[in-house]
């Protein structure tokens, strides 16, 4: 859908740059805006990028090469039309109810305090006093993982899947985790599975 937020990730880096999907030239190219504030970004045809995004309850990843960058009528990139798209179900594991304080960092490096209301292996629901962003925006969440012997902080990248609320009732959003490192994934799994055993039957 034109205007849908997606994330542009250089294949050899962990940085994620927010862009907007513009459209396609069927079988020729896929078009996005340039990252805001980085219209002079130097991109070579040999570079490899991953376009990531969320549509309803499905996350997708597209590996693609840039063809050319244009500034007319506005800054945008043409990527070689992809041969395939990797798609996975965003909600594929049970969610457990929790009440955990978290620090959330937006792409502009602003840090907010929030509360985690539920969590799964693939995402979570967060409530905060201020809006954490629009659907599709990137966040980094620092979550305290409480295990039987100790508590450990983990840091995960997440994308906002939905958002609602106001100043009076508070703001809630659902986030989808992605690119969770193996060590962090093990801790998250240990926490979720342990909490599942404690949930009322």
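Taking other Cβ atoms within 10 Å as a rough exposure proxy, 149, 71 sort from fewest to most as 149, 71. Each Cα pair under 8 Å and six or more residues apart adds its separation to the average, and for the chain the resulting relative contact order is 14 percent.
Convex hull over the Cα atoms of the chain, averaged projected area in nm²?
Values: hull surface 51.5 nm².
The directionally averaged projection comes out at 12.9 nm².
Relative contact order for segment 96-198: 26 percent, from Cα pairs under 8 Å spaced at least 6 residues apart, divided by residue count. Between residue 11 and residue 24, residue separation times 0.36 nm minus the direct Cα-Cα distance comes to 2.5 nm. Extension gain, residue 70-residue 167: 0.36 nm per intervening residue step, less the Cα-Cα distance, totals 30.9 nm.
Provide, as a two-decimal number, the C-alpha radius of gyration of segment 96-198 over 2.2 N^0.38 Å, N being how many residues it has.
Normalised by 2.2 N^0.38 Å, the Cα Rg of segment 96-198 equals 1.02.
Given in Å, the Rg to one decimal and the Dmax to the nearest whole number for the Cα atoms of segment 124-184 are 13.1, 39. Based on the Stokes-Einstein relation at 25 °C and a viscosity of 0.890 mPa s, and on the Kirkwood radius from alpha carbon pairs, segment 92-155 is assigned a translational diffusion coefficient of 196 µm²/s. Axis angle, to the nearest 10 degrees, between helix 182-198 and the longest C-alpha principal axis of the chain: 40 degrees.
Every number here is computed from the coordinates shown, using simple stated rules; none is lab data. Only a predicted model underlies this, so the values are computations on that prediction, with no experimental measurement involved. A quick note on method: Cβ atoms are made from the backbone with ideal geometry, for glycine too, and the neighbour counts reach across all protein chains shown.
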